[in-house]
Amino acid sequence: MIKLDKVTKKYPSGQIALDDISLEIAEGEFMFLVGPSGVGKTTFLRLFTREVHPSSGRIFIGEQDILALPAKKVPYLRRRIGTVFQDFKLLLNRTIFENVAVPLEVTGKSDKEIEREVSEILEKVGLLEKANSFPIQLSGGEVQRTAIARAIVSRPQVLLADEPTADLDPFTAEGVVDLLEKINKELKTTVIMATHNVQIVNKYKKRVVSMKEGKINSDEKEGRYEAVQKDS
Amino acid sequence: MTKRRADMKQFKKTVKILRRSPYQAIAALLTMSLTFFVSSVFVVLIIGGQVVLNYIEQRPQVIAFFKDETPNSKITEIINKVKSTGVAKEVKFVSKDEALAIYRERNKDEPLLLQSVSADFLPASIDISVIQAQDVQKVTGIVKSYPDVEKVITPEDLVKQLVKWTTTLRLGGIIFVSTLMSISFLIIIMVVGMRIALRRDEINIMSLVGATRSYIAKPFLIEGAIYGLIGASVATFLTYVLLLANARSIQDFLGPIQIFPIDPLFFVYLWVGECAVAVFLGVAGASLALYRYLRIK
């Protein structure tokens, strides 16, 4: 269970990115976080990895208040959370295999374990045959799947996906969300996906949390993007 | 995975990074080698200077010649007076006969000089060695105060000069080597800083997927230590080769002052000492670069 309790993020410039947000996300849930660009979706996701520290409020993952964690414990928190970044953040001078292996390397796993676990994940995302390719040699969808593979290779409890379908054609975008859904079902990973892709949100009929001006505008089980927008 | 295996993996990774951009590494290594080579040369010069100083200090530094009519009791009184100061290491009486024997020994190849020289021609004397070179003046003052002493010979000026030289060498060495070490330190900060900048994306990604600060910092610290280790080793090796190649001419220059053969342990101590300082310098430089340039969220 993830719980946000009256979380506010105010930047030094005075801009309020998140305003008194309270929310609960069940373990193994798949949630779309929707809203127009600049509404605070990315800030919301970055709270969980402690890239952003809220100005007030509390955040729990399970029983743990993650804001109370000392800085040296933050890497261990991040190992429990997989992130698919909006800009992929892949290393262009490393192969797909090496990119996916990064989270395992930092935890000190042996080469043998890394070989086995990375191959397994690459197979799951359908990229095993591209293991020795470099990101620049892949299509947009394949790059996105690489980013997903890296995010889930260490079997995190929570998967955060920040606009994973941006810049993808509708067919490829659906493929990516199918993959996230598969991970959610098979690995019981909690998935929080920030998006403003109307077709995707409406097709998958998941929980939809809509944000507006840093606040939660609506929260609906099996919600629809249009409906959410109308409400607002 | 064991800690040793993880460290070895980090070490291999660091070597791989060094090989990918060798020019910065070469610049850092050359600076380190130069710094520690110059340090080695100064260490050798300072130790050599000390050996020369010790040799001269061990020689009789004050020789007082007595007038012919000086009674033995007076000579004994002077000897006791010098001994009572506590600064004399050795006071040796040389009688007229002993002086003749020394003269004959020194001039055995010059028969002309030996002709018609008897013990009466040579004065009796005392040879005084002092514990510390700066006490020569004190002892000279004491013996000169006795009217029975006809003449006093002292290499006081030479010792003074030598002490001055070794002090200057030490001071100059410290200033010069400190300057070079500062340059090396700054170059390591610069090189490691550049590497951090070049790998910023990778560092950010590693941090976001759960790498600890020590995991991220370790390759840079290993890099600093490698520069130190290789730099100090190259410097010691060059010093060894330089001394070995010039051993004959150095020994000829020093004459009776025996320096060679140098104990191999000296080079081992020099290498260990320089490695310790150089590794410290490399790791400290890398740490400062990490502190200055590694900003991870």
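The values are calculated or read from the model by the stated rules, or taken from the named source; none is laboratory data. Note that the coordinates shown come from a computational prediction; the quantities given were computed from them, not determined experimentally. Here the Cβ positions follow ideal geometry from the backbone for every residue, glycine too, while neighbour counts run over all protein chains shown.
Among the residues making up the range A:111-142, those that are hydrophobic (A, V, I, L, M, F, W, C) and either in a helix (DSSP H, G or I) or surrounded by 19 or more Cβ atoms within 10 Å (Cβ to Cβ) (or both) are A:Ile114, A:Val118, A:Ile121, A:Leu122, A:Val125, A:Leu127, A:Leu128, A:Ile136.
Looking at this structure, is A:Ala166 surrounded by fewer than 21 Cβ atoms within 10 Å (Cβ to Cβ), touching a residue at least 60 places away in the same chain (Cβ under 8 Å) and more than 21 Å from A:Ile25 (Cβ to Cβ)? So A:Ala166 passes the test. Residues of the range A:143-182 that are part of a loop (DSSP other than H, G, I, E, B), charged (D, E, K, R) and over 12 Å from the mean Cα position of the chain (by Cα): A:Arg155, A:Asp167, A:Asp169.
The lone criterion from (1) away from chain B (no Cβ under 14 Å); (2) within 17 Å of B:Asp201 (Cβ to Cβ) left unmet by A:Lys130 is number (2). When the residues of the range B:115-133 are filtered to those that are modelled with pLDDT under 75 and part of a helix (DSSP H, G or I), the one that is surrounded by the fewest Cβ atoms within 10 Å (Cβ to Cβ) is B:Ala119.
Exactly one residue out of A:Val39, A:Val52 is modelled with pLDDT under 95, within 16 Å of the chain's Cα centre (by Cα) and either of a type outside the set (D, E, K, R) or closer than 21 Å to A:Tyr225 by Cβ (or both): that is A:Val52. Among the residues examined, A:Val191 qualifies as surrounded by 17 or more Cβ atoms within 10 Å (Cβ to Cβ) and assigned to a strand (DSSP E or B). Return yes or no: is B:Ile205 crowded, with 17+ Cβ neighbours inside 10 Å and either of a type in the set (Val, Ile, Thr) or assigned by TED's automatic domain parsing to the domain that holds B:Ala278 (or both)? Spelling it out, B:Ile205 is indeed crowded, with 17+ Cβ neighbours inside 10 Å and either of a type in the set (Val, Ile, Thr) or assigned by TED's automatic domain parsing to the domain that holds B:Ala278 (or both).
Looking across the range A:81-104, just one residue is more than 21 Å from A:Ala173 (Cα to Cα), surrounded by fewer than 19 Cβ atoms within 10 Å (Cβ to Cβ) and facing another protein chain (nearest Cβ under 8 Å), and that is A:Leu91.
For the range A:62-73, does any single residue satisfy the condition of being away from chain B (no Cβ under 14 Å) and either buried (at least 18 other Cβ atoms within 10 Å of the Cβ) or on the phi > 0 side of the Ramachandran plot (or both)? Yes, some residue in the range A:62-73 is away from chain B (no Cβ under 14 Å) and either buried (at least 18 other Cβ atoms within 10 Å of the Cβ) or on the phi > 0 side of the Ramachandran plot (or both).
Per the conditions (1) in contact with a helix residue (DSSP H, G or I) (Cβ under 8 Å, 6 or more places away or on another chain); (2) surrounded by fewer than 18 Cβ atoms within 10 Å (Cβ to Cβ), the sole criterion not satisfied by B:Val241 is (1). Residues in the range A:82-116 that are charged (D, E, K, R) and farther than 16 Å from A:Arg145 by Cα: A:Glu105, A:Lys109, A:Asp111, A:Lys112, A:Glu113, A:Glu115, A:Arg116. For B:Ala232, the conditions (1) touching a residue at least 12 places away in the same chain (Cβ under 8 Å); (2) away from chain A (no Cβ under 14 Å); (3) out of contact with any Cys (no Cβ under 6 Å at 6 or more places or on another chain) are fulfilled apart from (3). Restricted to the range B:56-106, and to residues there that are crowded, with 16+ Cβ neighbours inside 10 Å and among the aromatic types (Phe, Trp, Tyr), the residue that is farthest from B:Lys144 (Cα to Cα) is B:Tyr103. Quick one: in the range A:33-60, which of the residues that are aliphatic (A, V, I, L, M) and within 14 Å of another protein chain (Cβ to nearest Cβ) is surrounded by the most Cβ atoms within 10 Å (Cβ to Cβ)? The extreme case among them is A:Leu45.
Give all pairs with beta carbons closer than 8 Å in which a residue from the range B:262-289 that is buried (at least 17 other Cβ atoms within 10 Å of the Cβ) meets a residue that is among the acidic types (Asp, Glu) and part of a helix (DSSP H, G or I); count only pairs at least 6 apart in sequence or on separate chains. Note: pairs meeting the criteria are B:Gly282/B:Glu223; B:Ala286/B:Glu223. Taking residues in the range B:198-218 that are more than 7 Å from chain A (Cβ to nearest Cβ) and under 18 Å from A:Lys109 (Cβ atoms), and partners anywhere that are of a type outside the set (A, V, I, L, M) and in a helix (DSSP H, G or I), the pairs with Cβ atoms closer than 6 Å and at least 6 places apart or on different chains are B:Lys218/B:Gln10.
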